[in-house]
Structures are given as C-alpha cells and as structure tokens.
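Only one structure is covered here, and it is reproduced in the block below.
The values are calculated or read from the model by the stated rules, or taken from the named source; none is laboratory data. A quick note: this is a predicted structure, and the numbers were derived from the prediction, not measured. With ideal geometry, Cβ positions are generated from the backbone for all residues, glycine too; neighbour counts draw on all protein chains shown.
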There are 4 protein chains.
Amino acid sequence: MITETVRVEAFSDGVYAIAITLLILEIKVPIPSAAPLSIQLMRQWPSFVSFVIRFAFIGVMWINHHRMFTHIRRSDNGLLVLNLLLLFGVTAVPFPTAVLAAHLGQAGQRTATLLFDGTFILIAVFFNLLWRYASSPHRHLLAHDVDADAVARISRMYSFGPLPYLICFALAWVSVPASLVANAALAGFFALPPTVMRPKTLKRGSGFRTIRGTRSWGDLYETCSS
Amino acid sequence: MITETVRVEAFSDGVYAIAITLLILEIKVPIPSAAPLSIQLMRQWPSFVSFVIRFAFIGVMWINHHRMFTHIRRSDNGLLVLNLLLLFGVTAVPFPTAVLAAHLGQAGQRTATLLFDGTFILIAVFFNLLWRYASSPHRHLLAHDVDADAVARISRMYSFGPLPYLICFALAWVSVPASLVANAALAGFFALPPTVMRPKTLKRGSGFRTIRGTRSWGDLYETCSS
Amino acid sequence: MITETVRVEAFSDGVYAIAITLLILEIKVPIPSAAPLSIQLMRQWPSFVSFVIRFAFIGVMWINHHRMFTHIRRSDNGLLVLNLLLLFGVTAVPFPTAVLAAHLGQAGQRTATLLFDGTFILIAVFFNLLWRYASSPHRHLLAHDVDADAVARISRMYSFGPLPYLICFALAWVSVPASLVANAALAGFFALPPTVMRPKTLKRGSGFRTIRGTRSWGDLYETCSS
Amino acid sequence: MITETVRVEAFSDGVYAIAITLLILEIKVPIPSAAPLSIQLMRQWPSFVSFVIRFAFIGVMWINHHRMFTHIRRSDNGLLVLNLLLLFGVTAVPFPTAVLAAHLGQAGQRTATLLFDGTFILIAVFFNLLWRYASSPHRHLLAHDVDADAVARISRMYSFGPLPYLICFALAWVSVPASLVANAALAGFFALPPTVMRPKTLKRGSGFRTIRGTRSWGDLYETCSS
C-alpha cells in the first residue's frame, strides 16, 4: 500500500514537538529559602546547559527529518516502520541527556558519555536506513522531478553519519570533554544545509516551480496548468 | 453532517504522538551514589524493556490507524465517536504496561498480564467497530475508487483481531510468559501490510493515479483533469 | 487581517490531543506490596472513573469544536482570541475533574461539584461567544455556501448551552449526585449531531459537492471546474 | 534548499500547544484534610494567577507567530534555525513564570521579575530576527502578492519590541509591581492586530482573492483561473 506522506510528517512533527517541549518540566523551580534566589538559580546551571543541549540536538534532528521529507513524496509500510525506528531514537534522547547532566563531573561521567554517544550512533544509523530505503530508485518514493545530484549529496552526508559518532564513542574512553565537544560539533554540522540549493533553477524558473511544494501539489499544479 | 477526515487524522496523530513520547518520562534518571552508574543502569532493564514494548505497540496501532484512514475519505458523527473510543484505548495503554513492568516476576504478574491482555482485547474490538462502521457500503465514507478486494482483506484482518487477543487472555491463566510472547507476536502480525498492494494498478497507471492521495485531492485531480 | 483556519484548527487539535492524553499519567501505578494487585486496582476505581469522565468530556468538546469549524472558513484577530479563550477552558478541565475525583464522598464534595459545574458554565459561554462571533453575517467568516438553516440550528443549540449548566450548578446545592448526573447527560446531548444533515443536498448533489471539504478546497473546486 | 512552510507551522503549533497545555499539571490538587476545600482552593490563588498569565502570554505569542507566517510562504535553512530559536524562548517560558509565582511577595521577587522580563527581551529579539530574515526582500520568502505597507507596519511593530521589554527589565530595579504591570500591558498590545487590514482590497475584491490562503493555494488559484 503506497500512500502520501502527510500523516507520517504530522505524526513525526508531533513526536518532535513533544520531545522538545517536555524538557523544561525537568528543571526544578527553586523554593523560597535561606539562600538568595540568584544563588539558587546559578547552582542550577547544569540543568540549564542540559536544556539548551537537548533542545539543540532535537531541533537539529527535526531539521534533518524535514529536509529528508522534502524529497520523499510517497510512503509504504517499510517507510512507516523505519520512520518509527527513527522516532524511537528521538523520544529516547531525553534520558541519556538527563543521565549525562546528572553525572558530569561525577564518577559515572564516562559511562554517561558512552550512553549519550551510543544513542546518537543509533540515531545516525536509523537516519541512514530511512534515507537509503526511501531513496532506493526502484521504490519510487521520492518526488518525480527530484534532483539526482541533491539526492546523491544527501546520501553522502547521511552515510557519513554513523562513523563520526563512533569516533565520539571511542573518544570517550580517552577524554570525556573531547568526546562531548566533538558530538556538539557534529550537531552543528548536521544543522547546515547539504548545499542542495540548485541555484540555477532558482534564478531561471518562476517562483512557484522551484519551490518543493507539499507532496502532490506540484503534480497537481502541472496537471491543472498543462 | 458529513465532513472530510483531515482533522480527525490530525487529532488522532496528536494523541498517538503524545502517548508514544511521554513514555520516556517514566524512566527514572539514576542519581550519583555508591553504586557505579553502569550497575544502576543495568538494574533498570525492566523500565527499558517496558519502554520498547509500549513504543512498539503504540507505533503498530498508529500504522493501523493510518492504514485505515488511507481508505476513509469522509467522516460523520458516528465515526468521530468510534474514533474517540479507539483513542481512549490508545491513551490507556501506558497504564497496563507500567503495571506489567512493575509486577513481572512478582506475585501480581498474572493479574498484571490479564489487565494488559484485556486492554488489547478492547482495542481490537474498537478497531473492528470503527472499520465496520466506516466500510459499511451505505455510509459512503470510503473513497469512491476504493478497491473492494482491499476493503474485504482489511475487514477480514480486523474481524480476526479480537479472537487471538482473547486467546492471549485465556493463556495467561496457564502461562504468563506464553501469553506475553503471543501478544508480542500479534503486534508483529498487525505491523505487516494486509497485502493491499494492488500491483496491477501500480504497474499500469501513471505515478499519480496509483497513489492513495490525501482524501479529496484524488477527486479534485479527476475534476481538474477531466 | 483575515486568514484561513488551517492553523487555528491544527493548534486547537494539539491542545485537545494533549489535554486528553495527559490524563492517564495521573493514575498511580500500584507497587508490589502485601495487598494483592487485584485488590489494589479495585481500590483505584475513583481514578478510573475520573479518567473515563474527563476523556468523554474533552472528547465531546473536540467534536463540537470540529463541528463548528466545519462551517467556519476564515479567521480574524477576534476569532483567534475567542478560540484561545475556549482552549483556556479546555486546558483547565483536568484540574476541577481531579479535585472532584479526590473529594467525592468527602466533606468537600459540594465545593468540588460547584467548581466542576462552574468550569462547564464558563466553557459553554466561550463556545457561545466563539460561534456568535464567527456566524455574525457581516463578518463573512463562514463558508460562502453555508446552509442558513444549519447555522440557525447550531446557534440555537449553543445559545441553549450556558443555561442548563447553570441549572447543574444550582442543583449542586440541593443534591451533588443529581448535579453530576445532569452534567453527564448534557455531555451526551452535545455529542449528538445538531441534525444539520441536509439530506436533500446529499441525495441530489454529486459525491464531492456535498462534502464540506477543507476550507478553501470547495472554492478552489468551483474555480477549477467553472 | 527552499521549501514551503507547512511543516514549520505544524511543528511550531505542536510546540505552542504543548507549552500552553502542560501548565495545568503544575497546579496541585488539594487532598481531603482538616481545612475545608474552599479555603484550600483560595490559598492556591498564586497558582491560578500564574496559570492565567502563562496561558495569555503563550497564546499571544502563538497569535504573533500565526500572523507572521500568514505572510511567509517559503522557508530555507536560516528560517528553520531562527524559528527554532524562537520556539526555544517559547518552551522556556514556563520556568521563569513558575519561579515568579513561587517568589512573588518573597525576598527573591526582584530576581524572579528580572528573570521573567529577561526571557521576554530574548523572545522579542528572536521574533525580530525571524521577521527581519523572512521579510528581507532578496530572500523571496514572503508571498509574491504581499502588501508592502503591511510588511512595513509589522516590521515597525516588531523592531519596537525589544525596547519596551528592556524598559520593563530596568523598571524591576525601581518597582517590581510596575514592571509586571508594564509587561502585561505589552502582551495586550501584541495581541492587537497591526492594522494590516487592507480594507480597500477587502471591499473591492471577490471573497476568495482577499483571503491570505495557505501558502501556495493562492498561487495555485491564480494558475488555474488565468
């Protein structure tokens, strides 16, 4: 059964939105006490850092999911299952991040970093599986007029994914801070666009043609206007 | 009042997304203590297993809801109420799963398994009611060009639903592990597509015609192009 | 600034979906103890009743919101603000219901019932304000081809709303159970369709014309086909 | 990569919906005790005030986000990142509001007010960045037929944003109540429409043309009808 991707995206958006919004609930509100509020707030800095990190990581993953589904127009049962696998990784992120925030600078910081890095290896593998499946030419799940170069560039970007996360994981045995800095750098890398700009089309074509509109509207447009 | 199904699906997606994302909040973050973090994490295995199981079950139910609404194009008051009944079952799932995770290997494991299996009997009945109502020919809620064979196959799949869950329930009186294994096997079965592939249409038709597009777009397409 | 209603509905669906899904989190999972699990579960009956009631009430409110926005095609600033007021009432529901569940059969049951009934008076007023504003003829927020009779019937149904909830409120001073039964009966009444079926149109028109499609698609259809 | 904005809006709606709905969970349900329920509820007034304030603030921010995206039709990587920054501010709001509710009338009330005002300075800056980026003429992210006057008026409204919130912040050093009243007045100001009504078009044009429809529908309409 081949269907469009509206609901896959809506469901995924919901999962990302909840995972990113729930984070604030874990920051304890300081209660009036002997210590001044400003001191109490400052002591909470690990919670704030953890909040910012998790927000950034889940945000970057959402951008990548959005980027992928700009090209994917059709879904089948395999895509639904692989997308659920990826969302499984996304919903899990709050746990390793909270463990990391609680154990940084403590005896368990290496274990916490390995758990954190391990989660991102898994997510990188899931992103890879989803994109490979969707972009496989005989499945016809991508847009008809998709730019083959753009697809190749995204494929390269994602196939490159799991390896650096494995290096982060290995690095944690040598130095916990180095591993975490490398992990943050990777998130920054994946926030960047994979230079899929297709500038020529943008300059030449009309405004509407060059937009990768919602799934079948482009097709509909072509139908109506031809 | 007969309407399209966009909002029914959006609301349902929201409910599924929240039910599947909230699960992680119930896993306690281990605090730095005398026991090493790795030991503490290993002791939490029932929480992790429960997280994976619930994610998989709610994910499979979402796939089935999505599959059903691929064919349903119109909604009326009865459909709204029956869909709410089904969502009632979905939002309830976290409770019996948490009870099961807490009591497995304890004195209450049989009661917990019966509660867990009972919830899925109820959900199978609700899925059945919803599909029977929607696919009833005189209600005209399915797509105009729906494949009668596909509808019959889905009907068979869902009408078959409650019985095996009843068997799981009965099995719990004999053997708790057997009942749980059977339940997991059923989830796997419902994750599979009901072979509604319609390969002939896919090979013959143009790319667009064979996609089961969002509700009324197909109709719109036919209107515009004819 | 007059806009379409897609995002108003999407945002409202999100709020309803979260309000209805969060309820399960408040049911405590019994921990293994001296008392058998079955006994512990039975003692939790007020939590289960409260869960069912809240689910039903929020579900019925969602159906009514959906019914209203089937006719509303355009939104302006006033509609956004009035819709937020209504959602304010919806998000508040979990609190009075939890208070009622905790105090039923206790000294505070009258106060809890008044709080519960009061919330629904407020929500009935908000539903009224929203519909009066949207259906006011000079604002042009309804669909162009809306059935004037259907609008009149919905107006009558909603203007009738606040009064019976006021009666429930007054009844609580006489008898708490009578007030709660009357309140539940009202929820049942609002779950019913306001007989806006327009059977003639349904029989005469083509399949597509009679469906109240998503906002501007109907208009678009008329544009494309004329 | 330039795409439409459907998913950006859906994801944002989800984040707003969750941030606004979670608030009720923080109000503790009074348990039956020696004190009458009515007295217990009255003592909870700071929680209720905090709930109303947060709901209103997040609601106003949603209205502004909706207003902005009525004009934005296309998104690129920069817009995704700036929108995430803004949502970061939105998801953070529950924390400073809860801190304010807990410390009002206590020793820490100035610190709490500064934290609260500081959050809204940040959000005003993020709103500004997002709108400046989107409305920059060479990026072509706005609708083709956007009213240049309306854009200018919104630009003025938002560029004016951070300054008054800075004044609120400064005012907190002089008088905490004055700062909070000024902040609430600002929320009221931003709930008002920026007089982008374009009354001439509304009177002259047909019903459909003047509606700022979902992104590409207007374009599609022009394509189909010309």
Checklist entry - So is A:LEU104 more than 9 Å from chain D (Cβ to nearest Cβ) and out of contact with any Phe, Trp or Tyr (no Cβ under 9 Å at 6 or more places or on another chain) or not? => result yes
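For the range C:109-118: of the residues being closer than 18 Å to D:GLN40 by Cα and either among the charged types (D, E, K, R) or in contact with a Pro (Cβ under 8 Å, 6 or more places away or on another chain) (or both), which is nearest to the other protein chains (Cβ to nearest Cβ)? Walk me through how you get there before you give the answer.
Within the range C:109-118, the first condition is being closer than 18 Å to D:GLN40 by Cα, and the residues that meet it are C:109-116, C:118.
Still in the list and also either among the charged types (D, E, K, R) or in contact with a Pro (Cβ under 8 Å, 6 or more places away or on another chain) (or both): C:110-112, C:115-116, C:118.
Numbers: C:ARG110: 9, C:THR111: 4, C:ALA112: 6, C:LEU115: 7, C:PHE116: 12, C:GLY118: 11 Å.
Looking at the filtered set, the residue picked out is C:THR111.
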Checklist entry - Pick from C:ALA17, C:ALA56: which is under 14 Å from the mean Cα position of the chain (by Cα) and over 23 Å from C:LEU171 (Cα atoms)? => result C:ALA17
Checklist entry - Looking only at residues in the range C:55-105 that are within 22 Å of B:ARG7 (Cα to Cα) and hydroxyl-bearing (Ser, Thr, Tyr), which one is surrounded by the most Cβ atoms within 10 Å (Cβ to Cβ)? => result C:SER75
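Please pick out the residue among B:ARG43, B:ARG54 that is among the basic types (Lys, Arg) and out of contact with any Leu (no Cβ under 7 Å at 6 or more places or on another chain).
Values: B:ARG54 fails: out of contact with any Leu (no Cβ under 7 Å at 6 or more places or on another chain).
Going through B:ARG43, B:ARG54 in turn, just one is among the basic types (Lys, Arg) and out of contact with any Leu (no Cβ under 7 Å at 6 or more places or on another chain): B:ARG43.
Select, from D:ARG156, D:ARG139, D:ARG110, D:ARG132, the only residue that is out of contact with any helix residue (DSSP H, G or I) (no Cβ under 8 Å at 6 or more places or on another chain) and of a type outside the set (Phe, Trp, Tyr).
Just one listed residue meets the conditions, D:ARG156.
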Item to check | Where D:ALA134 falls short, out of the listed (1) modelled with pLDDT of 90 or more; (2) over 26 Å from D:LEU171 (Cβ atoms) | outcome: (1)
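Is it the case, given these coordinates, that B:GLY108 is in contact (Cβ under 8 Å) with a residue 24 or more places away in the chain and either surrounded by 21 or more Cβ atoms within 10 Å (Cβ to Cβ) or under 16 Å from B:PHE169 (Cβ atoms) (or both)? Working first, answer last.
Details: in contact (Cβ under 8 Å) with a residue 24 or more places away in the chain: no; either surrounded by 21 or more Cβ atoms within 10 Å (Cβ to Cβ) or under 16 Å from B:PHE169 (Cβ atoms) (or both): yes.
Considered against the rule, which asks whether it is in contact (Cβ under 8 Å) with a residue 24 or more places away in the chain and either surrounded by 21 or more Cβ atoms within 10 Å (Cβ to Cβ) or under 16 Å from B:PHE169 (Cβ atoms) (or both), B:GLY108 comes out as no.
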Checklist entry - Are there any pairs with C-beta distances below 6 angstrom linking a residue in the range A:20-47 that is more than 9 Å from chain D (Cβ to nearest Cβ) to a residue that is crowded, with 16+ Cβ neighbours inside 10 Å and part of a helix (DSSP H, G or I), with the two at least 6 apart or on different chains, and if so which? => result A:PRO46/A:ALA101
Checklist entry - Can we say B:LEU22 is over 20 Å from B:ILE121 (Cα atoms) and not small (Gly, Ala, Ser)? => result yes
Checklist entry - Within the range D:159-192, can you find the residues that are in contact with a helix residue (DSSP H, G or I) (Cβ under 7 Å, 6 or more places away or on another chain), in contact (Cβ under 8 Å) with a residue 60 or more places away in the chain and under 18 Å from D:GLN109 (Cβ atoms)? => result D:ALA172, D:VAL176, D:SER179, D:LEU180, D:ASN183
Next on the checklist: Which pairs turn up if I take residues in the range D:60-79 that are more than 18 Å from D:TYR16 (Cα to Cα) and look for partners that are β-branched (Val, Ile, Thr) and in a strand (DSSP E or B) with beta carbon separation below 9 Å, at least 6 apart in sequence or on another chain?
Outcome noted: D:ARG74/D:THR3; D:SER75/D:THR3; D:ASP76/D:THR3
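Given the structure, is C:ALA56 more than 14 Å from chain D (Cβ to nearest Cβ), in contact (Cβ under 8 Å) with a residue 24 or more places away in the chain and among the small types (Gly, Ala, Ser)? Can you show your working first?
On the way: more than 14 Å from chain D (Cβ to nearest Cβ): yes; in contact (Cβ under 8 Å) with a residue 24 or more places away in the chain: yes; among the small types (Gly, Ala, Ser): yes.
So C:ALA56 passes the test.
Does D:ARG43 qualify as being under 30 Å from D:TYR158 (Cα atoms) and charged (D, E, K, R)? Reasoning before the result, please.
Working: under 30 Å from D:TYR158 (Cα atoms): no; charged (D, E, K, R): yes.
Spelling it out, it is not the case that D:ARG43 is under 30 Å from D:TYR158 (Cα atoms) and charged (D, E, K, R).
Sort out for me the helices (runs of 4 or more DSSP H) sitting completely within the range D:1-99 that have 1 or more residues that are within 27 Å of A:HIS65 (Cβ to Cβ) and at pLDDT 85 or above.
On the way: elements: D:6-21, D:37-43, D:45-71, D:77-92.
Once the helices (runs of 4 or more DSSP H) in the range D:1-99 are filtered for at least 1 residues that are within 27 Å of A:HIS65 (Cβ to Cβ) and at pLDDT 85 or above, what remains is D:6-21, D:45-71, D:77-92.
Restrict the check to the range D:160-173 and report whether at least one residue is more than 19 Å from D:GLY59 (Cα to Cα) and modelled with pLDDT under 80. If you could, list the steps in order and put the result at the bottom.
The initial filter retains those residues of the range D:160-173 that are more than 19 Å from D:GLY59 (Cα to Cα), namely D:160, D:163-164, D:166-173.
Among the residues that remain, those that are also modelled with pLDDT under 80 are: D:160.
Yes, the range D:160-173 contains a residue that is more than 19 Å from D:GLY59 (Cα to Cα) and modelled with pLDDT under 80.
Looking only at the range C:82-94, which residues are closer than 14 Å to D:ILE20 by Cα and of a type in the set (A, V, I, L, M)? Give the steps one after another, and end with the answer.
So the first thing to find is which residues in the range C:82-94 are closer than 14 Å to D:ILE20 by Cα, and the list is C:83-94.
Across the range C:82-94, the qualifying residues are C:LEU84, C:LEU85, C:LEU86, C:LEU87, C:VAL90, C:ALA92, C:VAL93.
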Checklist entry - Any residue at all in the range B:89-98 that is more than 13 Å from chain C (Cβ to nearest Cβ) and within 20 Å of B:GLY161 (Cβ to Cβ)? => result no
Item to check | Single unsatisfied condition, C:SER33 versus (1) small (Gly, Ala, Ser); (2) over 16 Å from the mean Cα position of the chain (by Cα); (3) under 25 Å from B:VAL8 (Cα atoms) | outcome: (3)
Checklist entry - Is there a residue in the range D:73-84 that is out of contact with any strand residue (DSSP E or B) (no Cβ under 6 Å at 6 or more places or on another chain), under 22 Å from D:HIS138 (Cα atoms) and among the β-branched types (Val, Ile, Thr)? => result yes
